[in-house]
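J.: One structure, as structure tokens, below. Some questions next.
The values are calculated or read from the model by the stated rules, or taken from the named source; none is laboratory data. Predicted model only: the values in this text are computed from it and were never measured. Backbone-built Cβ (ideal geometry, glycine too); neighbour counts: all protein chains shown. Note: accessible area is taken over every heavy atom of the protein model, side chains too, but ligands, DNA and RNA are not part of it. Shrake-Rupley method; radii C 1.70, N 1.55, O 1.52, S 1.80 Å.
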Amino acid sequence: MSQTLTSAPASGGLPTPVSTGPVRLHINGETQTLQLAPWTSLLDALREYAHLTGTKKGCDHGQCGACTVLVNGRRINSCLTLAVMHDDDDITTIEGLGTPENLSPLQQAFVDHDAFQCGYCTPGQICSAQGLLNEGRAHSEAEIKELMSGNLCRCGAYVGILDAVKEVVDKQ
Amino acid sequence: MYPFSYSRATDVADAVRDKAGHDGSAYIGGGTNLIDLMKMNVEQPPHLVNVAKLPLSKIEDLPDGGLRLGATATNSDTAWNEQVKARYPLLNQAILAGASPQLRNAATNGGNLMQRTRCYYFYDLATPCNKREPGSGCSAIGGFNRVCGILGTSEACIATHPSDMCVALAALAPTVRVSGPNGERTIAFEDFHRLPGEQPEFDNTLVEGELITSLDLPEKGFAKHFAYLKLRDRHSYAFALVSVAVGLEMDGDTITDARLALGGVAHKPWRDLSAEQLLKGQPATAETFGRVAAHVVANAVGRGSNDFKIELARRAIVRALKQAAEGQQQAGDVYLGGQ
Ligand SMILES: Cc1cc2nc3c(=O)[nH]c(=O)nc-3n(C[C@H](O)[C@H](O)[C@H](O)COP(=O)(O)OP(=O)(O)OC[C@H]3O[C@@H](n4cnc5c(N)ncnc54)[C@H](O)[C@@H]3O)c2cc1C
Ligand code: SF4
Ligand code: FES
Ligand code: FES
């Protein structure tokens, strides 16, 4: 049977306000049960309910990649998916990749290669690059460019981003 | 977003039953198109049935030598599947030419077939659009129609189907398996999407409540001579203005079998059977390719800002046929925009 997170439609034609329900997310290794309405995007759940604001909202329409997180190790845009669709999934955000004292290899490479200006796209770039490393399919610069094309940078820091990702890919 | 209810289906029967029990509800796969449309209020289903975790994600051999692509397999898993790479490289290339890695990781095969047009006015609630609101008129005719179609259009709608994957599928001709309130049936891919005619609100021939369960590819994969050529405003992460899928079988320099389909030009992936006939038995020469390309666009109609697509399509067909005949695109490569 389906697990339905709603009450029956009200008489009189107006839909009953839909209740929130518990959604269990394993975020950066920690299990959190959040009370969420079905229309809460994974991005809003992370930022507004789990208070992890590293993940950024750029376009909210799948067009920029700023909201990229890893779900069960794979990169997706958290703005175009609902939190309820990820009950029991493992979510990794930029906060889960490293800490200021202990940067991940990609985070360190972004610093070393000056791979940002304003930094707004950076968490998405790094999570996407981590997804790319997990996939293991990009080796050449051309392949990295193509497989990082889902992340836009309005500051145009692409040269540094490419260098940073290439350095970590080469060490893999 | 607006309030709606949600449930996660446990099996196909449960999904079909749940959807039938909620008027106006929708299935949701990866959500990459539907959630976008819901945020824009273009679609407002009061209830969503999540089908993404149904046990339909396998890619498996069929007894007839074909390959079954599960409806909930992601676009990424499908593109990078070893069987797909080896036997249907045209499909691998077309999927990888579309969207971004993040989107392909979420998008499902069923959702890809069902994705809606990218006509600007379809998204713009302030303007008339017959597809969004039947009978309201078509703003693209006489408006900004750069992304719109040139073949098989009607006075009611000139929108295009935006998928890349579906252009390769049109050439490979799988069967779409569906399950609905009245049981199971299969639909030839050619008959799945439709032309707009008087009823552009219908993108395809699915009956209310039907769920796509798989795409069954026939054995023939055109793995030696194929090309997917996609032309767009930027090199990656952009929809096609025009795309061409070609599959050829060759005996020396002679074409013995051919498939040819176009994207970005029509309300459905545009397979041209008569052009395929014209290719069969012919030498793979520039003369043959030019003749066939001219034939494909002979009845094309531009609407102003999309006039350029007619010449673009003609040239793209010639180039894709040449690439396929020469075996220039290699199986499994990352698609790098024709480099
Ligand atoms: C920024 C951006 C760029 C893009 N660029 C490209 C591109 O270049 N080329 C390209 O081809 N695509 C592109 N896409 C589109 C993308 O490929 C589609 O959004 C995706 O394939 C839809 O799959 P989904 O599983 O996410 O569908 P959903 O959003 O979940 O659903 C889409 C529709 O399909 C229905 N549906 C889902 N599963 C089933 C099923 N099993 N049976 C019946 N109905 C079902 C839903 O009810 C809904 O109506 C792009 C998308 C975005 C956001
Ligand atoms: S072309 Fe079709 S989708 Fe676009 S405005 Fe006209 S009716 Fe709407
Ligand atoms: S915020 Fe998700 S892709 Fe832009
Ligand atoms: S660093 Fe400013 S958007 Fe990329």
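Residue by residue, here is whether (1) within 16 Å of ligand 2 (Cβ to nearest atom); (2) hydroxyl-bearing (Ser, Thr, Tyr); (3) closer than 16 Å to B:ARG146 by Cβ holds:
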site: B:PHE226; (1), (2), (3): no, no, no
site: B:THR254; (1), (2), (3): no, yes, no
site: B:LYS268; (1), (2), (3): yes, no, no
site: B:GLU276; (1), (2), (3): no, no, no
site: B:LYS280; (1), (2), (3): no, no, no
site: B:THR285; (1), (2), (3): no, yes, no
site: B:PHE289; (1), (2), (3): no, no, no
site: B:VAL297; (1), (2), (3): no, no, no
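J.: Please name all residue pairs, on different chains or six or more residues apart, with Cβ atoms under 8 Å, provided the first residue is in the range B:227-241 and is within 16 Å of ligand 4 (Cβ to nearest atom) and the second residue is of a type in the set (S, T, N, Q) and not in a strand (DSSP E or B).
T.: Short answer, once both residue conditions are applied: B:TYR237/A:SER149; B:TYR237/B:SER100.
J.: What about B:GLU201, is it touching a strand residue (DSSP E or B) at 6+ places or on another chain (Cβ under 9 Å) and not assigned by TED's automatic domain parsing to the domain that holds B:ALA245?
T.: So B:GLU201 does not fit the description; no.
J.: Can you give me the ranges of the strands (runs of 3 or more DSSP E) entirely in the range B:31-82 with at least 3 residues that are open to solvent by less than 20 Å² (accessible area, probe 1.4 Å)?
T.: Once the strands (runs of 3 or more DSSP E) in the range B:31-82 are filtered for at least 3 residues that are open to solvent by less than 20 Å² (accessible area, probe 1.4 Å), what remains is B:47-50, B:67-70.
J.: Applying the selection to the range B:83-103, what residues are open to solvent by 10 Å² or more (accessible area, probe 1.4 Å), more than 18 Å from B:ALA171 (Cβ to Cβ) and part of a helix (DSSP H, G or I)?
T.: Across the range B:83-103, the qualifying residue is only B:LEU103.
J.: Within the group B:GLY247, B:GLY302, B:GLY264, which residue is open to solvent by less than 20 Å² (accessible area, probe 1.4 Å) and closer than 30 Å to B:PHE122 by Cα?
T.: B:GLY264
J.: If you don't mind, there's one more thing I want to ask. Would you mind finding the one in A:ALA83, A:ALA138 that is of a type in the set (A, V, I, L, M, F, W, C), open to solvent by less than 50 Å² (accessible area, probe 1.4 Å) and not assigned by TED's automatic domain parsing to the domain that holds A:LYS56?
T.: The match here is A:ALA138.
J.: Within the range A:72-80, identify whether any single residue is assigned by TED's automatic domain parsing to the domain that holds A:LEU36, under 15 Å from the mean Cα position of the chain (by Cα) and farther than 16 Å from B:SER100 by Cβ, and answer yes or no.
T.: yes
J.: Next up: Taking the stated definitions as given, is A:GLY65 assigned by TED's automatic domain parsing to the domain that holds A:GLU48 and open to solvent by less than 50 Å² (accessible area, probe 1.4 Å)?
T.: Against the criterion (assigned by TED's automatic domain parsing to the domain that holds A:GLU48 and open to solvent by less than 50 Å² (accessible area, probe 1.4 Å)), A:GLY65 qualifies.
J.: Something else: Say we look at the range A:46-62 and pick out the residues that are within 13 Å of chain B (Cβ to nearest Cβ) and open to solvent by less than 10 Å² (accessible area, probe 1.4 Å); which of these is farthest from ligand 1 (Cβ to nearest atom)?
T.: Across the range A:46-62, the extreme among qualifying residues is A:THR55.
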